[in-house]
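Single-structure report; data block below.
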Amino acid sequence: MTTLDEKLEPILTQVLQRNAGEPEFHQAVREVFESLGRVVAKHPDYLQDGLFERICEPERQIIFRVPWTDDKGQVHINRGFRVQFNSALGPYKGGIRFHPSVNLGIIKFLGFEQTFKNALTGMPIGGGKGGSDFNPRGRSDGEIMRFCQSFMTELHRHIGEYTDVPAGDIGVGGREIGYMFGQYKRLTNRYEAGVLTGKGLAYGGSRARKEATGYGATYFVQHMLGRKGTSFEGKRTVVSGSGNVAIYTIEKVHSFGGKVIACSDSSGYVVDEAGIDLELLKDVKEVRRARISDYAKARGKSATYVEGGCIWDVPCDVAMPSATQNELTGKDAQTLVKNGVIAVGEGANMPSTPDAVRVFQQAGVSFAPGKAANAGGVATSALEMQQNASRDSWTFDETEQRLSDIMRNIHDACADTAEMYGAPGDYVLGANITGFVRVADAMRALGVV
Ligand code: NDP
């Protein structure tokens, strides 16, 4: 358990004042700072040259108007964001989120987290994030295309293979990346494949990118369970969400012999004691773009749909929150602990509140923070950039093998760092310190910029 170091306290206070009204950003910065007391105690030189202040200040923040016309001819105005947080290790890299809750503070929290996550992958990528408060739910293909084109009409000025490389996130999958890449190509008159990742296989995408975040999170938890002398074999697992990350987490957990018995969307959750039927789930969510309640209807007797309920009430051995930020509270964590959870792996970004993390750590539950556990997505995006740069295309197995190696390295780096700093088993501390040191060392080498 960690508290804030007194030397870091005034810096955090200033960050909170300068970024008023951005609670998710405050939460993300505080969580990282709480892990760094042991670093500044050992290496006080990190406090020089405003390093901490600079690391909390995005290099550039872009906010723009996104006008588009719906199928009835009505004009809508959304707001677009791109926060280019830190480029010490490479071009800015991070997804684009389309969700009505998107605002500057949320994009900044995601960009801040992304900076350390990308450092953890060991690949040459800086941190950034973008998005819009556009709600894709219920929109036709034509409306989605027109929105993506309008979004890219502004964004294209700010991105590029060597500058900033966006990818998908909530509400942005292969279809949206395709429309955005098409517009980028048209506007720039360049086939610059490395400008976006998460592309379709037909035009420069990487095999295993779609699967990478969920598979990667599952690899991470498998290693974590391994340190406890166990594995996924026979474990009842609950995965929240039913989007990209959740679906491929379920697939990998099943391949490791675990049984996923519940998943959800923002309307409710489904319990399927026979184990989630992945083909049906993919059909409902990826093909029909329907609701999780439709899964329960189609599945029949083994599945029960609970409208508006809390998925963390479902007893399980392993929990993998894979929907959105702050979806698992302290109270939910207590319920999970009471029901015997032994490991929690975050597929989503910051899905557990600070209270929840405290409950897990105090109860001795192995806890994998998102910035480490879900780094497989961006790592495979970096592999996609490598393939684009070399005009090459690797097989699924080769790409997945690299992903698996990267996840083992991230797991071991977090575990070893936590041990080195006197907190064995604390993956939050291990991830934050490892990511910070890599970014900070590069920033110091580059001078005050
Ligand atoms: P998707 O859009 O594919 O799926 C998101 C899922 O979460 C949907 O089932 C959605 O339900 C649910 N959800 C979204 N918002 C809420 C909410 N407020 N309350 C409850 N459920 C919600 O997104 P991804 O799977 O790509 O992303 C999920 C998480 O993983 C995010 O935190 C993202 O930042 C993170 N992540 C994603 C990566 C990627 O490669 N895609 C990489 C690393 C992290 P509904 O359909 O009802 O909205």
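The values are calculated or read from the model by the stated rules, or taken from the named source; none is laboratory data. From a predicted model like this one, the values you see are computed outputs, not experimental measurements. Because the Cβ atoms are built from the backbone with ideal geometry, glycine has one as well, and the counts that use them run over all protein chains shown.
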Review point. Taking the stretch 384-402, which residues are hydroxyl-bearing (Ser, Thr, Tyr) and either part of a helix (DSSP H, G or I) or in contact (Cβ under 8 Å) with a residue 40 or more places away in the chain (or both)?
Key: Ser393, Thr395, Thr399
Check your understanding: Quick one: what pairs do we get from the stretch 260-281, first residue closer than 13 Å to Ile250 by Cβ and more than 16 Å from the ligand (Cβ to nearest atom), second polar (S, T, N, Q) and not in a helix (DSSP H, G or I), C-beta under 8 Å, 6+ apart or different chains?
Key -> Ile261/Thr237
Point to revise | Candidate set from the stretch 81-100 (those that are in contact (Cβ under 8 Å) with a residue 40 or more places away in the chain and over 18 Å from Val195 (Cα atoms)); member that is farthest from the ligand (Cβ to nearest atom) | key: Ala88
**Study point:** Index of the failed condition, Ile292 passing every other in (1) buried (at least 20 other Cβ atoms within 10 Å of the Cβ); (2) more than 12 Å from the ligand (Cβ to nearest atom)
**Key:** (2)
Exercise for review: Answer yes if at least one residue in the stretch 302-309 is within 16 Å of the ligand (Cβ to nearest atom), touching a residue at least 24 places away in the same chain (Cβ under 8 Å) and over 12 Å from Val271 (Cα atoms), and no otherwise.
Suggested key: yes
Review point. Got at least one residue in the stretch 170-177 being over 24 Å from Ile107 (Cβ atoms) and part of a loop (DSSP other than H, G, I, E, B)?
Key: no
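Residues that are more than 9 Å from the chain's Cα centre (by Cα): find the helices (runs of 4 or more DSSP H) completely inside the stretch 323-379 holding 3 or more of those. Before the answer, list the steps.
Numbers: elements: 330-338, 354-362, 370-373.
Correct list: 330-338, 354-362.
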Check your understanding: What tally of residues in the stretch 97-128 results from selecting those that are within 17 Å of Gly370 (Cα to Cα) and not in a loop (DSSP other than H, G, I, E, B)?
Key -> 19
**Study point:** the stretch 1-41, residues that are touching a helix residue (DSSP H, G or I) at 6+ places or on another chain (Cβ under 6 Å) and either β-branched (Val, Ile, Thr) or on the phi > 0 side of the Ramachandran plot (or both)
**Key:** Thr2, Ile11, Val15, Val29, Val32, Val39, Val40
**Study point:** All positions within the stretch 148-169 that are within 15 Å of the ligand (Cβ to nearest atom) and outside any loop (DSSP other than H, G, I, E, B)
**Key:** Cys148, Val165, Pro166, Ala167, Asp169
**Study point:** Residue satisfying condition, being modelled with pLDDT of 95 or more and closer than 28 Å to Leu8 by Cα, within set Ile63, Ile107, Ile96
**Key:** Ile107
Point to revise | Filter result for Arg299 (among the basic types (Lys, Arg), touching a strand residue (DSSP E or B) at 6+ places or on another chain (Cβ under 7 Å) and within 15 Å of the ligand (Cβ to nearest atom)) | key: no
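Identify all residues within the stretch 307-326 that are of a type in the set (Gly, Ala, Ser) and either surrounded by fewer than 19 Cβ atoms within 10 Å (Cβ to Cβ) or in contact with a Lys or Arg (Cβ under 7 Å, 6 or more places away or on another chain) (or both); write none if there are none. Walk me through it before giving the result.
Residues of the stretch 307-326 that are of a type in the set (Gly, Ala, Ser), as a first pass: 308-309, 319, 322-323.
Matches in the stretch 307-326: Gly308, Gly309.
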Exercise for review: Please enumerate the residues belonging to the stretch 410-449 that are touching a residue at least 40 places away in the same chain (Cβ under 8 Å), loosely packed, with under 15 Cβ neighbours inside 10 Å and over 29 Å from Gln48 (Cβ atoms).
Suggested key: Asp412
